[in-house]
1. Given labels modelled 7 Å from the Cα in the Cβ direction, how far is it in nm from Asn143 to Glu171?
2. At what distance in nm do the modelled label points of Thr64 and Leu38 sit from each other, each positioned 7 Å from its Cα along Cα→Cβ?
3. List the residues of segment 41-82 whose backbone N lies under 16 Å from a point placed 7 Å from the Cα of Glu98 along the Cα-to-Cβ direction.
4. State the volume of the convex hull built on the alpha-carbon positions of segment 22-164, expressed per residue in Å³ and rounded to an integer.
5. Under the 0.36 nm per residue contour assumption, what length would be gained going from the current alpha-carbon distance of Arg77 and Arg48 to full extension?
6. Which GluC sites (Glu not before Pro) from segment 81-172 combine a DSSP loop assignment with at most 13 other Cβ atoms within 10 Å?
7. Determine the dipole magnitude for segment 130-174: charges of +1 sit on the beta-carbon of Lys and Arg, -1 on that of Asp and Glu, nothing else is charged, the reference point is the Cα centre, and the result goes in debye to the nearest 20.
8. Taking the beta-carbon count within 10 Å as an exposure proxy, list Leu172, Leu38, Leu158 from fewest neighbours to most.
Amino acid sequence: MNRRTLLQHLATLAILPLLPACSRAAEQASAGKTGAALALGKPREEWRGVVSAPAYAVLFEEDTEPSASSPLNNEHREGTFVCAACRLPIFNSADKFESGTGWPSFTQPIAGHVETKRDFKLVWPRTEYHCVRCGGHQGHIFNDGPKPRGERWCNNGLALEFIPSGQPLPELRS
C-alpha cells in the first residue's frame with residue numbers, strides 16, 4: 001500500500017463516525033413532514049427579480065453569506081422567520097438560540113416547511129435544507145445544538161425575513 005492510498009483510507013475512517021449523526025438529523029427532519037406545504041414548481045430564474053441579488057445567490061445558487069453579517073443574529077423579539085423568497089413561515093422565534101457561529105440558528109423548523117438533502121460540497125456529507133415551497137436554500141443541520149433535540153439548524157440570514165408577533169404574516173409569493 002502506498003502513502004496516498006493509506007492517507008485516503010485514514011481520511012475515510014476519520015469521517016465514518018460522523019455519518020450516523022448526519023443521517024439521524026436528516027431522518028428527524030423528514031419525519032416531521034406533517035402538514036407539509038405544497039411546492040410551487042416555479043423556475044429558479046423567476047425569483048431573480050423578486051429578491052435581492054445577494055439573497056438570490058444564497059437561496060437559488062446555494063451560496064453562503066459571511067459569518068456575523070446578518071442583522072437577524074441580533075433579532076430576539078417574538079415572531080416568525082419566513083422564507084425571503086416565497087414568505088412561507090420556516091421558524092418560530094421560540095426556537096431561535098445563540099449558537100456563537102455567526103449565523104441565525106434554530107433548534108427546529110416548522111414541521112412540513114423544509115425538505116432536506118445530502119450535500120457533499122465539502123467532501124464529507126452534510127444535511128442541507130430548503131424551503132419546501134420555493135426550493136430556496138436555507139442552510140445546514142448540525143448535531144451540536146441544545147438539548148433535548150441536539151440539532152442546530154444553521155440558517156443564512158439573507159434567506160429569511162423576520163415578522164414580529166402582532167404583525168400579520170405577509171402573503172405568500174407565488
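1. So the label points at Asn143 and Glu171 sit 4.4 nm apart.
2. Each label point is offset 7 Å from its Cα along the Cβ direction, giving 3.6 nm.
3. Those under the cut-off are 68-78.
4. Taking only Cα atoms, segment 22-164 has a hull volume of 106 Å³ per residue.
5. 7.5 nm
6. In loop regions of segment 81-172 (DSSP not H, G, I, E or B), the sparsely surrounded GluC sites (Glu not before Pro) are Glu98, Glu171.
7. Charge dipole, segment 130-174, about its Cα centre: 120 debye, nearest 20.
8. By the 10 Å Cβ count, ascending, the order reads Leu38, Leu172, Leu158.
Taken together, the values in this text are just the output of simple stated rules run on the coordinates, not laboratory data. From a predicted model like this one, the values you see are computed outputs, not experimental measurements. Reconstructed Cβ throughout: ideal geometry from the backbone, glycine too, with neighbour counts over all protein chains shown.
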